[in-house]
Amino acid sequence: MDNALNVLSSARTEETTAPEVPSIVTAYSKHSDSVTVEFTEVSGATSYILRAESGDFFSESPVSSSPGTVVDLQPNTQYKLSVMSVNSGGRSQPSYPVMAKTVVIAPKLNTTSPSNETILVTWPPVEHAVLYTLCIIRENSSSRLKVNTTDTMVTFNDLEAGTTYCIKGTAWDSDGRTGDDLTVCQITRPPSPDVTHVTVTSGRSLGIAVYWVPVQGAENYIAYTSNDQNCSSTANSYCYIIPIECGQNHSVTVTAYNSAGPSSPSQPAEYITCGCIIRSHSQIQHMSGNCSLMWDDVPLVEYYMAFVKRDDGTEMSCNTTETTCQFFCMCGYTYLTTVFPYNQAGSSPYAHVHNYTTIPCCPQGVTVQLVSTETLEIMWSPVKGAELYETTAKQTNNVIHCNDTAPVCALSDLRCNTAYSVTVTPCSELRGCNRTCTPHRHETAPCSPEILNMTQTSNSTYKVLITTPNTGNTNYTVTAIGRYNTHTCKTRNGSCELMQLPCGSVYEVTAVATTAVGRSLPGFSKPLETGPCCPMYVNVTQVTQAMTNVTWSPGSGARSYITALTSSRGHAKCHTLDTHCLMGCITCSTNYSVHLEAISSTGHKSECKYHGFSSSPCCPTGVKLYRRDNNSLRVYWRSLGLQINNHMVELYGTGANYTCIAAAGSTYCDIQEETCGDVYTVVAAPVRQNGIKVNFCQPRTYSVPCPGSNAGMGKYPLKCKLHFVLQ
């Protein structure tokens, strides 16, 4: 609007408000994990939210209309419930809350059938339950039986055998509300079957066939005899028990089974087997050339006839009332034995023929020899009756190393330096093995020694420590093989010394053990690198008062060097790959000891010492130039260190040059000037004991005006002009 209240423009907006608050009609629980809420629906609401609260628990569940259900709750728990309506404008305020309690859970029923007419139901107690209701109904029937109990066990009696019953269980809480229900089904045990008849079957083996009447609810049947034999069947009403013993009188019962368990056994049915054919069960015991044929006693026998035939055609027989027969036998032969029992009716219609092979003879001419460090070769002559040979060694727990038909064996992977007792055992498939053969003893080669450590004891001597895994009479040889030479040392203990090893060399060191049996395999080699050679010479040259240049000859085997100059006033050190080094921090007029370490590429070091080095006398300081009254010039300085050196003073001017020598201990030198007004370069330097002047003292420049001049005297270090007052 303008100032005259005229409408200039207008706009309109529409907003939807939240719907009205619904109200809860009722809330109830039919399941232990949910509550159903019935509420009034309000106009304008598109959906609703059910809110459930209990202690720390809080949940909101969206629903489309009434009634709605809140799930995932705890059993037998009190909840505060409210409902809110929802549309595009938002949600309403919660309704007035109501309280509802979830029901208890269903009992977890466990069922068994102790007999064919009972079902036992048990369950663990349900929390907050005060009563339980069980309802049982037979399969394919409408009749029901309902039982209320406060106990946790109910037995249903007078049920039909082999019949399935379903039991539904429900728990009640203290408010009289039923909880969840659970239904389980259980079949009763089957009734006892009746045996109809038992017949004896003939064939290769004697047996019986058992027949019975099928019963309701049975899944399979098992027939048991009184002498602990049985047979079973699932689809048929009969089964066979094979074999059975002849001449016996026994009984048989049948038991029906289903998932609930077995029925009671049927009434026993008696049966009698036919008479036995007399047979012998012969076996032979062989001891030192005498064999004993034995067999089982058979009822109703008066005497026995035993026949023995050897594989070369020799026959023997014996007539006895006992169950044994003695005869002479030899190793490596096969015997055929037959025993016929006799009584008043005669002999049995047939008898079994038994093959018996006596144990093979022990082999002769057994030789054992060492073919490698840990392998023994055994050879022998073949023997009669042996189908294969077992070769064992006592020291390997009699493990069979060879099981072969050939008269040769190699025992490999043996322990070194060990005496083995080797036995060749001949075997046959029927009789077994002859375990009485004499063992043969032989020793393996010594064990390989291993190098434990190698230490340098002098410039060219190295001590080698090795293991001694063998007996005390073993010799050990340590060998160092280099590119150009070989060195050895011998010992019987764990160490020996390799001597005269040149510096800067690399060796491969191995150890070998030797005994009367032979040599061991070489032990694992280890590299031995001798220390690098020291340089033949070291030269130290002083470059400045505080700096030296050290040079040396190359050392064989050395890759880098550490050079050190050491004194009581300090030391200097450098580490380089070259054969020269520039070092600072040198103190003048000082005696230094010279040390050098030669270092190989693998880190081996050699300590090298050389003649000492004396640094040059100290250059004087505080050098000044003065004009004296007698037209002479005086050069003055301050000396450092010991006052044992002469000093040489040199003046270089544009018109003339002057030199003077000052004795040791003097700190000035006078020079007669010939021409005044000159500029001089002054060098004051000490003179070594060998008369050579130190040549690295720094020069200084001074201007010397004539007497009466206004210029004065000055010096020009670093291009700066300083004026001094004439003395």
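The values are calculated or read from the model by the stated rules, or taken from the named source; none is laboratory data. Worth saying up front: this structure is predicted, and the values here are computed from it rather than measured. Note that we place each Cβ from the backbone using ideal geometry, even for glycine, and neighbour counts take in every protein chain shown.
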Item to check | Hits in segment 111-130 (condition: in a strand (DSSP E or B) and closer than 27 Å to G261 by Cα) | outcome: T111, T112, S113, P114, S115, T118, I119, L120, V121, T122
Next on the checklist: Residues that are of a type in the set (D, E) and on the phi > 0 side of the Ramachandran plot: does segment 410-420 have at least one?
Outcome noted: yes
Next on the checklist: Just to check your reading of the model, which residue among L625, L642 is aliphatic (A, V, I, L, M) and either exposed (fewer than 14 other Cβ atoms within 10 Å of the Cβ) or outside any strand (DSSP E or B) (or both)?
Outcome noted: L642
Item to check | Filtered residue count, segment 645-657, keeping only those that are free of Cβ contacts under 8 Å to residues at least 24 places away in the same chain and either crowded, with 18+ Cβ neighbours inside 10 Å or farther than 12 Å from V683 by Cβ (or both) | outcome: 2
Checklist outcome for this item: Checked against (1) under 30 Å from M536 (Cα atoms); (2) free of Cβ contacts under 8 Å to residues at least 24 places away in the same chain; (3) touching a strand residue (DSSP E or B) at 6+ places or on another chain (Cβ under 6 Å), I481 satisfies every condition except (2)
Item to check | Any hit, segment 477-499, residues being of a type outside the set (A, V, I, L, M, F, W, C), at positive phi and surrounded by fewer than 18 Cβ atoms within 10 Å (Cβ to Cβ) | outcome: no
Checklist entry - Only one residue in G176, G162 is assigned to a loop (DSSP other than H, G, I, E, B), in contact (Cβ under 8 Å) with a residue 40 or more places away in the chain and at positive phi, so which one is that? => result G162
Checklist entry - Can C660 be described as crowded, with 19+ Cβ neighbours inside 10 Å and more than 30 Å from N459 (Cβ to Cβ)? => result no
Next on the checklist: So, in segment 216-235, how many residues would count as being out of contact with any Phe, Trp or Tyr (no Cβ under 9 Å at 6 or more places or on another chain) and over 10 Å from V254 (Cα atoms)?
Outcome noted: 7
Next on the checklist: When you check L376 against the structure, is it at pLDDT 85 or above and either farther than 25 Å from P407 by Cα or not in a loop (DSSP other than H, G, I, E, B) (or both), yes or no?
Outcome noted: yes
Checklist outcome for this item: Taking segment 77-95 and the residues there that are farther than 14 Å from S23 by Cα and among the polar types (S, T, N, Q), the one that is modelled with the lowest pLDDT would be S88
Checklist entry - If we only count strands (runs of 3 or more DSSP E) wholly inside segment 542-618, which ones have 1 or more residues that are touching a residue at least 60 places away in the same chain (Cβ under 8 Å) and under 30 Å from P527 (Cα atoms)? => result 591-599, 605-614
Next on the checklist: Consider segment 79-98. How many of its residues are surrounded by fewer than 19 Cβ atoms within 10 Å (Cβ to Cβ), in a strand (DSSP E or B) and in contact (Cβ under 8 Å) with a residue 60 or more places away in the chain?
Outcome noted: 5
Checklist outcome for this item: Across segment 379-405, the tally of residues that are in a loop (DSSP other than H, G, I, E, B), touching a strand residue (DSSP E or B) at 6+ places or on another chain (Cβ under 7 Å) and charged (D, E, K, R) stands at 1
Item to check | Count of residues meeting criterion [over 26 Å from H128 (Cβ atoms) and polar (S, T, N, Q)] in segment 40-78 | outcome: 7
Checklist entry - How about segment 673-706: which of its residues are of a type outside the set (A, V, I, L, M, F, W, C), within 14 Å of V623 (Cβ to Cβ) and in a loop (DSSP other than H, G, I, E, B)? => result Q698, P699
Next on the checklist: assigned by TED's automatic domain parsing to the domain that holds S95 and either under 19 Å from V103 (Cα atoms) or in contact with a helix residue (DSSP H, G or I) (Cβ under 8 Å, 6 or more places away or on another chain) (or both): which single residue out of V35, V42 fits that description?
Outcome noted: V35
Checklist entry - Within segment 227-259, can you find the residues that are at pLDDT 90 or above and among the small types (G, A, S)? => result S232, S233, S237, S251, A256, S259
